[in-house]
Amino acid sequence: MGKLHDKTVKKLIKEKPSVRHSDGNGLYLMTPKRGDAYWMLRYTTPATKLRREYTIGKVDDWSLADARDEAAKLRLAIKREGADPVQERQKVNQNPFKTLNDLYADYYELRKREIASHQKEKSLYEREVAWRIGKVELEKIRPVDISEILRDVANGYDDNKPRPTLSNDLMRLLRNLFDHGIKLDVTRFNPASPFRPRDAGGEEKAANYPMNEDEVTEFFTKLRVIPAQF
């Protein structure tokens, strides 16, 4: 349990007896003489052993309980993954791909060179993804967001009919898109990676039916155009 309490926090912000007030485990309430009070985490980087100070956020935006939860998550990442929150925030601030739409714009340029159906893929993204999570920061997108989109498309929503095959296409698109972000080192996590066809539109089966006379004629007509292979 921390040293601070909600009433104590309000009192310290009002009276400002000093600038720094410890809650324990590296979490501090900062009450500067000028400006808003905020939460700060002090930690030591595992790699360089440097002492750093990371601003969690303003007290107006973060309650004591929320600040403690965030500090606990950060300490766990520092211990288990060797994370450096200050360095990672600097990287995010320098990152040109802040939202999913930013990342997709770069991915689309790549796909234009790779596949002929890039325009169809872009249309799918804009129709089903962009308006939902396109403006969300990459690190804030979670698997539950992906699941909601895939289920809506598979089961139908509003005036749209169920489109299970399209849901599978969308699943593959999102997995590839976030993999692209990981390659560029602009995100560490692919929220679409856990999903398989059974989570989207279901397993797809190849069509199995005999060709009619017109289809047979068309098939052999096309083969005659390439005699070297026939």
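The values are calculated or read from the model by the stated rules, or taken from the named source; none is laboratory data. From a predicted model like this one, the values you see are computed outputs, not experimental measurements. Glycine gets a Cβ as well: all are built from the backbone with ideal geometry, and neighbour counts include every protein chain shown.
Name the single residue, out of those in region 153-202 being charged (D, E, K, R) and touching a Leu at 6+ places or on another chain (Cβ under 7 Å), that is modelled with the highest pLDDT.
That would be Asp169.
Would you mind stating whether Asn93 is under 15 Å from the mean Cα position of the chain (by Cα) and at negative phi?
The answer is no for Asn93.
When the residues of region 160-187 are narrowed to those that are touching a residue at least 12 places away in the same chain (Cβ under 8 Å) and of a type in the set (Lys, Arg), which ends up farthest from Asp102 (Cα to Cα)?
The residue in question is Arg163.
Please count how many residues of region 54-89 are within 20 Å of Gly24 (Cβ to Cβ) and not polar (S, T, N, Q).
Residues in region 54-89 being within 20 Å of Gly24 (Cβ to Cβ) and not polar (S, T, N, Q): 22 in total.
Scanning region 69-101 for residues that are in contact with a strand residue (DSSP E or B) (Cβ under 8 Å, 6 or more places away or on another chain) and either at pLDDT below 90 or among the aromatic types (Phe, Trp, Tyr) (or both), which turns out surrounded by the fewest Cβ atoms within 10 Å (Cβ to Cβ)?
Ranking the candidates gives Arg89 first.
From Lys135, Lys205, which residue is touching a strand residue (DSSP E or B) at 6+ places or on another chain (Cβ under 6 Å) and either at pLDDT below 95 or within 30 Å of Asn93 (Cα to Cα) (or both)?
Exactly one residue qualifies, and that residue is Lys135.
Does region 125-138 hold any residues that are surrounded by 15 or more Cβ atoms within 10 Å (Cβ to Cβ) and within 16 Å of Thr187 (Cα to Cα), and which are they?
Hits for region 125-138 are Ile133, Gly134, Val136, Glu137, Leu138.
Taking Thr48 as the residue in question, decide whether it is polar (S, T, N, Q), under 34 Å from the mean Cα position of the chain (by Cα) and under 22 Å from Glu81 (Cβ atoms).
yes
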